[in-house]
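Input: a single structure, listed below in structure tokens.
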Amino acid sequence: MSEPAMGMLMLALIVVVILMGFPTAFTLMGLGTAFGFIAFYDPSQSWFHNRVFDLMVQRAYGAMTNDVLVSIPLFVLMGYVMERGALVDKMFYAFQLAFRRVPASLAVASLIVCTFWGIASGLVGAVVVLMGVIAFNPMLKAGYDTRLAAGVITAGGTLGILIPPSVMIIVFAAVAGESIVKLYAAAMLPGFFLAFLYLVYIIGWAMINPKIAPKLPESATHIPVDPWAVKLQQAYTRKMLPALLAAVAMPGKAMRIEIEGVGITYWKLLKNLMAALMPLAITALTLATVWWFIVIHQQPDEVVSTRAVAEEMQLSSASAPTDAPQALGSTASDPNALAEAPPEELGGDPVDTVSTEPEGLQAMGDADLQTPVHEYTGPPSGFYITFSIAVVISVLLLAYYYWIMEAELFQLLKLLMSSTLPLATLTFLVLAVILFGITTATESAAVGAFGAFLLAIQAKSLTWKKIKEAVFLTSKTTAMVCWLFVGSAIFSAVFAILGGQALVEQWVLSLDMTPLQFMLLSQAIIFVLGWPLEWTEIIVIFVPIFLPMLHHFDINPLLWGTLVFVNLQAAFLSPPVAMSAYYLKGVAPKHVTLNQIFAGMMPYMFIVILCMILMYVWPGMTLWLPEFLYGN
């Protein structure tokens with residue numbers, strides 16, 4: 001058997017053995033070592049001098065020294081701590097009341113909480129199980145169709161691995177050698193767009209067939225109001241914001257209000273006024289951040305024309321003596337110096353003998369976020385008009401909101417703030433410090449893990465037992481991912497040495513496909529692989545096969561990778577593996593069958609395909625944000 005044929009046999013065996021139930025990581029290592037032993041075998045040497053053992057050591061060391069992987073345990077710890085310490089049920093209740101007038105309000109609330117909680121934790125199994133316990137039974141009791149209830153939880157729970165911060169994106173970045181922050185920026189808009197498509201499908205189905213999601217009774221949509229707020233309205237006005245402003249400015253009437261013999265304190269009035277002003281504060285902060293980033297942050301410290309600087313540098317270099325000695329260690333003018341450089345170790349990473357990056361790139365933050373030097377031309381054309389329109393619309397919406405905000409709506413606002421604002425603040429902080437280049441992904445993950453502990457402590461729901469469980473599960477997940485990388489590195493190296501990679505590339509190139517045809521072929525293969533395999537196996541085994549061919553077809557790796565992320569949503573929604581279905585089945589009532597859950601998930605698979613088509617037709621949905629933030 002030829003070596004390329006042995007490589008293809010490896011690829012076929014890995015799928016068969018995984019389907020038989022063997023652990024993926026050790027299957028990769030076992031097959032890689034066995035076939036590598038044959039590939040490196042030299043009859044003139046002893047068997048224990050086989051170079052495959054050197055390859056094993058080098059690949060294991062490479063996985064241990066991979067800085068990208070350090071962020072995985074921190075993000076996973078963040079997710080497990082929040083899973084055990086935060087209040088998902090309170091958040092679901094708040095969104096249920098907020099969308100009580102929308103068709104299929106319970107399903108809409110479930111999708112929003114799944115999306116929100118998935119972003120914060122990044123754990124598919126945890127989100128599906130939690131929402132299965134909290135939301136599945138209430139939807140069934142309210143008369144919702146089982147397929148609708150099952151589909152929204154299983155599909156919504158998978159969004160956590162797509163919308164950053166996502167462990168799947170980190171694994172892909174480590175495999176593909178791409179920037180985590182650019183992949184995060186690329187996946188941001190498609191992730192939320194996919195959630196929007198899910199939302200449109202749920203509401204549209206409920207409007208076409210109202211029987212699948214009956215309206216909730218009035219008792220289930222009533223918002224309980226604090227008695228002091230009712231009396232405050234009676235003393236001042238029914239509009240809560242003017243009433244609170246008047247009470248703070250002239251507290252005489254408010255101080256005479258008593259509830260069960262207890263009066264209202266001035267501090268309570270101030271706290272509630274700050275809560276009422278929170279929508280205004282969030283809107284102002286968002287607009288100010290946009291203005292700062294686009295108008296102020298983009299300006300150089302000293303507005304100097306780069307063209308003038310370049311001309312000055314050229315004049316300086318032209319006037320420099322030609323016989324000046326080279327700097328110590330320079331190899332620019334000595335071709336033999338590069339030829340004498342030590343070769344790469346087998347299975348190791350390329351040795352960077354000459355670093356051309358300026359020292360400034362090693363400062364705090366990610367080097368990929370450094371903005372290329374260019375002449376500042378001001379904000380994009382039309383920014384001031386767009387920003388002005390956004391300000392006017394925001395002012396009008398706020399004015400309308402405060403005009404209709406009475407005691408019941410004010411109570412809902414406080415409920416949403418108490419259940420959502422802390423977690424939203426932490427998630428926004430974690431993403432912002434990554435996307436704006438303030439910290440690396442690892443440092444951001446550390447901030448997120450620390451913030452998760454603070455939130456759990458503030459919620460008074462974190463015990464020593466829960467901490468031990470979170471740390472144990474984090475260690476278990478991290479070990480699994482790291483062993484996967486070791487096994488994948490050994491397998492892919494042996495596969496390439498045997499010529500399997502070259503054989504696949506020759507076959508694909510011989511088909512003389514267009515970039516569109518190659519994109520369809522690669523994504524179709526990944527989609528089919530998602531039926532029997534999980535996303536980890538697809539990324540570490542099959543994605544590296546396609547990566548070297550992207551350059552030939554002139555396909556942007558960010559676009560292709562983001563399409564893979566969306567495509568891998570199907571790995572959780574496609575039987576027979578469909579882990580989301582099994583997670584939900586474990587907590588669902590006994591009368592709910594696995595086939596009903598599968599039937600509820602199938603429409604979302606077609607929505608995933610529709611999202612991928614739209615992403616390819618409009619690549620700006622994926623590439624606009626990374627290009628805007630970091631340039632080309």
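Counting only helical runs of four or more DSSP H residues, what would the 222 nm mean residue ellipticity of the chain come to if each run contributes -39,500 (n - 2.57) and the total is spread over all its residues?
Calculated at 222 nm, the ellipticity per residue is -21500 deg cm²/dmol.
Sort 237-249, 429-441, 14-26 by packing, meaning the average of other beta carbons within 10 Å per residue, with the highest value first.
My ranking of the peptides, most packed first, is 429-441, 237-249, 14-26.
How would ASP54, ASP554, ASP145 rank on accessible area, largest to smallest, probe 1.4 Å?
Descending accessible area places them as ASP554, ASP54, ASP145.
Heavy atoms only, probe 1.4 angstrom, no DNA, RNA or ligands counted: give me TRP291, TRP403, TRP535, TRP624 ranked by accessible area, highest first.
Most to least solvent-accessible, the answer reads TRP403, TRP624, TRP291, TRP535.
Compute the label zone of HIS591 within segment 147-168: residues whose backbone N is under 14 Å from the point 7 Å along Cα-to-Cβ.
Of the residues in segment 147-168, 147 have backbone N under 14 Å from the label point off HIS591.
Could you go through segment 455-466 in sequence order and give the Karplus-derived ³J(HN,Hα) for each residue, using 6.51 cos²θ - 1.76 cosθ + 1.60 with θ = phi - 60°, rounded to whole Hz, and x for Gly and Pro?
Those phi angles translate into 5, 5, 5, 5, 6, 6, 10, 9, 10, 4, 5, 5 Hz.
If each residue of separation counts as 0.36 nm, what is the full-extension length gain between ALA432 and HIS222 once their alpha-carbon separation is subtracted?
71.9 nm
Using label points projected 7 Å from each Cα along Cα→Cβ, tell me how many nm separate LEU396 and THR463, to one decimal.
Result for the modelled spin labels: 5.4 nm.
What is the dipole size for segment 139-278, taken about its Cα centre, with +1 at each Lys and Arg Cβ and -1 at each Asp and Glu Cβ, in debye to the nearest 20?
380
Would you tell me the accessible area of TYR236, worked out with a 1.4 angstrom probe on the heavy atoms of the protein chains, in Å² to the nearest 10?
For TYR236, the solvent-accessible surface is approximately 50 Å².
Bin width 5 Å, origin at 0, all Cα-Cα pairs of segment 1-107: what percent of pairs per bin?
2, 9, 11, 10, 12, 12, 8, 7, 7, 7, 5, 4, 3, 2, 1, 0
Mind listing the phi-derived Karplus ³J(HN,Hα) values for segment 14-31, rounded to whole Hz, using 6.51, -1.76 and 1.60 with θ = phi - 60°, and x for any glycine or proline?
5, 5, 5, 5, 5, 5, 6, x, 6, x, 4, 4, 6, 5, 4, 5, x, 5
Once a ≥ b ≥ c are taken as the square roots of the eigenvalues of the Cα gyration tensor of the chain, is the result rounded (a/c under 1.5), prolate (a/b larger than b/c) or oblate (a/b not larger than b/c)?
In terms of gyration-tensor shape, oblate.
What number comes out for the charge environment of MET601, summing +1 per Lys or Arg and -1 per Asp or Glu over other residues with Cβ under 14 Å away?
Result for the neighbourhood of MET601: +1.
Near the amide H of SER461, under 5 Å away, which other amide H atoms are found, from residues 5 or more places off or on another chain, if H is placed in the peptide plane?
Those qualifying (amide H under 5 Å, at least 5 residues apart or on another chain) number zero.
Using a cut-off of 10 Å between beta-carbons, work out the net charge of the residues near ARG100 (Lys and Arg +1, Asp and Glu -1, ARG100 not included).
That sum, taken over residues with Cβ under 10 Å, equals +1.
Just read off the accessible area of LYS271 with the full protein assembly in place, 1.4 Å probe, to the nearest 10 Å².
The value for LYS271 is about 100 Å².
Give me the net charge for the shell around ALA135: Cβ to Cβ below 13 angstrom, other residues only, Lys and Arg +1, Asp and Glu -1.
+1
List, in order, the whole-Hz ³J(HN,Hα) value for each residue of segment 435-444 obtained from phi through the Karplus relation with A = 6.51, B = -1.76, C = 1.60 and θ = phi - 60°; use x for Gly and Pro.
5, 8, x, 6, 9, 7, 5, 5, 5, 5
Can you pull the accessible area of GLU178 for me, 1.4 Å probe, Å² to the nearest 10?
GLU178 exposes around 60 Å² with every protein chain in place.
Return the whole-Å distance between the Cα centroid of segment 448-503 and the Cα centroid of segment 1-39.
Segment 448-503 and segment 1-39 have Cα centres separated by 24 Å.
Give me the number: length gained by fully extending ALA235 to LYS211, i.e. 0.36 nm times residue separation minus the C-alpha to C-alpha distance, one decimal in nm.
4.2 nm
Please give the FRET efficiency for TRP507 paired with LYS271, using the beta carbon to beta carbon distance and R0 = 56 Å, rounded to the nearest 0.05.
0.25
Using 0.36 nm per residue, how much length does the chain from ASP54 to LEU614 gain when fully extended, once their Cα-Cα distance is taken away?
Working it through step by step, the gained length comes to 197.0 nm.
For PHE95, PHE37, what's the largest-to-smallest order of accessible area, 1.4 Å probe?
Of PHE95, PHE37, the descending order of accessible area is PHE37, PHE95.
At 7 Å along Cα-to-Cβ for each site, give me the label-to-label distance between ILE389 and ASP89 in nm.
About 4.6 nm separates the two model spin labels.
The values are calculated or read from the model by the stated rules, or taken from the named source; none is laboratory data. Predicted, not measured: the structure shown is a model, and the values here were computed from it. Reconstructed Cβ throughout: ideal geometry from the backbone, glycine too, with neighbour counts over all protein chains shown. Ligands, DNA and RNA are stripped out before the accessible areas are found, and what is left, the full protein with its side chains, is counted by its heavy atoms. Shrake-Rupley method; radii C 1.70, N 1.55, O 1.52, S 1.80 Å.
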